[in-house]
Amino acid sequence: MNEDEIKVSVIIPVYQVENYLERAVESVLAQTLREKEIILVDDGSTDASPEICDRYAAAYPDFIRVIHKENEGLGLTRNAGVQAARGKYIGFLDSDDSVEPEMYERLFDKAEQGPFDIVMCDVKIIYVDENKSSIVSSYPEENIDLADYIANGNNITYSVNKLYKRSIWKENRYEKMLFEDIALVPALLTRCASIGYVPQPFYHYYRRANTISTTMVGSMVDIVQAFRNFIDTSNPIYREEVIYCVAKQVYWNMFQSRTLFQADFILFLKEYEADFRLNPYLEKDKKYKRLLEALNQEAIPENIICVHFGRALPEAYLEECRADFPKARLILSDEKSVEVKNFPPSVQRALAEGNTAYAEEYVALWLLYREGGIVIKPEMRANLQLKRLRLDHVFFGFEDDEELNGDCYGAIKGHYVIKALLQSYEGDSIFNQAFLPLKDRIREILLLRFGLRINGRTQLLRQEVRVYLPSVLSYDMQNGENCCKHADIVLPDGMEAVSAKVLKMWSNRILENWNLYKQEKNAKQQNNKKSTVSSCVDASPSHALIEREIEQRVQEIVKTYENSTCWRITKPLRAVARLFGKS
């Protein structure tokens, strides 16, 4: 088919979709529009997808072309298809979705009638795991009011339910990132002269669990940059509508879909604080106006601080940071990057005597006070869950029931607790004469100034200083709580190391919970006996209400105990005990 005959180029990015690709391709081959081409762009798939692409290209040489390339992600794969496209218009189809037979003919006809730069349709969402579907209408009327559509329309961020003039793509490209649609498509709409709409659910979007967009990974923070792009590259005429559109999407992500990234969203909102606070649409919207409350919250910046004197950083440390905190600012410091003469006398003396650990802790505190962020020593390994602690103003953690952990802690910039810790290195106190470690300084300040209880339990001191239990910042109990753990003990996969003191602490806590459990259970049995004896005497509504309250309280205690960390981690021990009749 000659280039001037092709009306629509349909670009299908392909990556590891051997189970769905044929359905997608067949749905385009079945289009009533004959003047089309299909461009399959294989993004370095290692399953059977490349062979399926080649088979279709061989069977339909007049309609299908294949591009094989190394893996670069969805955005750059679409760009490769755009560069090869010859049609007057371009459409995108994800390789695990499908389209109705009329889609491209109807959208093409609408585009030509306008003429329109972009034409869109509605979307049918098929929830594969739930075996149900729903139709999302893009707009209540066929004639699009662009300002109103940006503020109140649906499907605005989708690339796939739209047909674009090929000329649009001379100056526009997708970026290499997750959420590349959000970063480009809605801003593109604001810069178009005219947009058409066919109110039919031609596009079928199959939503599954465990996809790239639903799995919690570090690169998901790209969504924040996508929102920045949307705001910064949109037509300024629609600034208020764009801010409102972004606000609704941030609200959904922040409080429902991607709550782990709340700190990132808070800092993003603060970047555009004036826009959000002065937005007239938000002012009138009671639901989304709640988003403005987040502007009053603090969030620890995503700075990872690591000081390493006389030693290289382990590669595993850096790999973990790259994977879970790809946008984090790594503040790395060694003995070559600091001015020793500016250190307090105790720190200089420690360095002279070879006590680098003492100096490392001081420099890490100094960087934390100046920049804000999270200190993670080289011996520790953090994971994505650490993001949730960035909602604290300052946090520390227990190492066991008595000791504090000085290996992972964080604070906002310039926090007074961090300043007090820094000041403790000044003067000729016993702390500095004996080169006492940071964990002892933290313990002392929190104990004397904040009333810390030395018990290894999570505490919030003065509604500001958070102290976490050992399973959060020291040891992984495999209960989903751990954010950072010791990594200096090599263990087989699936196993975790824990100190004897922590095991003892958990054992004592198990005993406490067990006694409470038995106490409440016995109380329930006694109440049941009393209820049986007195049922013929006291059958009043108030008595029945008391019985229900007792039952509810017992169930709460039972549920708390049986779902506790102690109960879960000792399950194997209890199973062994039952075998010997000791349960």
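Only residues that are touching a helix residue (DSSP H, G or I) at 6+ places or on another chain (Cβ under 7 Å), touching a residue at least 60 places away in the same chain (Cβ under 8 Å) and closer than 15 Å to Asp400 by Cα were counted in segment 474-488, giving 3. Inside segment 508-518, can you point out the residues that are surrounded by 13 or more Cβ atoms within 10 Å (Cβ to Cβ) and either under 34 Å from the mean Cα position of the chain (by Cα) or among the basic types (Lys, Arg) (or both)? Within segment 508-518, Arg509, Ile510, Asn513 qualify.
When Ile300 is tested against (1) modelled with pLDDT of 95 or more; (2) within 19 Å of the chain's Cα centre (by Cα); (3) assigned to a helix (DSSP H, G or I), just one condition goes unmet, and that condition is (3). Within segment 463-474, at least one residue is open to solvent by 60 Å² or more (accessible area, probe 1.4 Å), within 24 Å of Ala420 (Cβ to Cβ) and either part of a loop (DSSP other than H, G, I, E, B) or not basic (Lys, Arg) (or both).
The rows are residues; the columns are (1) in contact with a strand residue (DSSP E or B) (Cβ under 8 Å, 6 or more places away or on another chain); (2) open to solvent by 20 Å² or more (accessible area, probe 1.4 Å); (3) over 17 Å from Ile445 (Cβ atoms).
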site	(1), (2), (3)
Glu360	yes, no, yes
Lys387	no, no, yes
Leu391	no, yes, yes
Glu399	yes, yes, no
Val417	yes, no, no
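Identify, please: which residue in segment 196-222 is open to solvent by less than 20 Å² (accessible area, probe 1.4 Å) and closer than 27 Å to Ala24 by Cα and is, among those, nearest to the chain's Cα centre (by Cα)? Per the stated criteria, the residue is Met220. Looking across segment 56-80, the residues that are within 24 Å of Glu5 (Cα to Cα), more than 30 Å from the chain's Cα centre (by Cα) and either open to solvent by 10 Å² or more (accessible area, probe 1.4 Å) or in contact (Cβ under 8 Å) with a residue 60 or more places away in the chain (or both) come down to Tyr56, Ala57, Ala58, Ala59, Tyr60, Pro61, Asp62, Phe63, Arg65, Val66, Ile67.
Number of residues in segment 138-189 that are open to solvent by less than 50 Å² (accessible area, probe 1.4 Å) and not hydrophobic (A, V, I, L, M, F, W, C) equals 15. Only helices (runs of 4 or more DSSP H) whose full extent lies in segment 344-451 are considered here, and the ones with at least 1 residues that are within 18 Å of Ile300 (Cα to Cα) and at pLDDT 95 or above are 356-371, 416-423. Within segment 2-21, being surrounded by 15 or more Cβ atoms within 10 Å (Cβ to Cβ) and either farther than 12 Å from Phe92 by Cα or not hydrophobic (A, V, I, L, M, F, W, C) (or both) holds for Ile6, Lys7, Ser9, Pro13, Tyr15, Gln16, Val17, Glu18, Tyr20, Leu21.
Asp407 meets each of the listed conditions (1) farther than 23 Å from Arg457 by Cα; (2) within 27 Å of the chain's Cα centre (by Cα); (3) charged (D, E, K, R) apart from (1).
Looking across segment 117-137, just one residue is closer than 15 Å to Arg207 by Cβ, open to solvent by less than 60 Å² (accessible area, probe 1.4 Å) and small (Gly, Ala, Ser), and that is Ser134. Selection of helices (runs of 4 or more DSSP H) fully inside segment 253-295 by the criterion of at least 1 residues being among the polar types (S, T, N, Q) and under 21 Å from the mean Cα position of the chain (by Cα) returns 262-271. Of the residues making up segment 278-305, those that are more than 14 Å from Ala263 (Cα to Cα) and open to solvent by 80 Å² or more (accessible area, probe 1.4 Å) number 6. With (1) closer than 26 Å to Arg106 by Cα; (2) touching a Pro at 6+ places or on another chain (Cβ under 9 Å); (3) not in a loop (DSSP other than H, G, I, E, B) as the list, and Thr32 as the residue in question, which single condition is left unmet? If we test Thr32 against (1) closer than 26 Å to Arg106 by Cα; (2) touching a Pro at 6+ places or on another chain (Cβ under 9 Å); (3) not in a loop (DSSP other than H, G, I, E, B), just (3) comes out false.
Quick check on my filter: what residues within segment 303-343 are of a type in the set (Lys, Arg), at pLDDT 90 or above and out of contact with any strand residue (DSSP E or B) (no Cβ under 6 Å at 6 or more places or on another chain)? Selection gives Arg322, Lys327.
Scanning segment 31-69 for residues that are hydrophobic (A, V, I, L, M, F, W, C) and under 18 Å from Tyr89 (Cα atoms) returns Leu33, Ile38, Ile39, Leu40, Val41, Phe63, Ile64.
The values are calculated or read from the model by the stated rules, or taken from the named source; none is laboratory data. What you are looking at is a predicted structure, and each value in this text was computed from that prediction instead of being measured. Quick reminder, even Gly has a Cβ in these numbers, built from the backbone with ideal geometry, and neighbours come from all protein chains shown. Heads up: the accessible areas ignore ligands, DNA and RNA and are worked out on the full protein's heavy atoms, side chains in. Shrake-Rupley method; radii C 1.70, N 1.55, O 1.52, S 1.80 Å.
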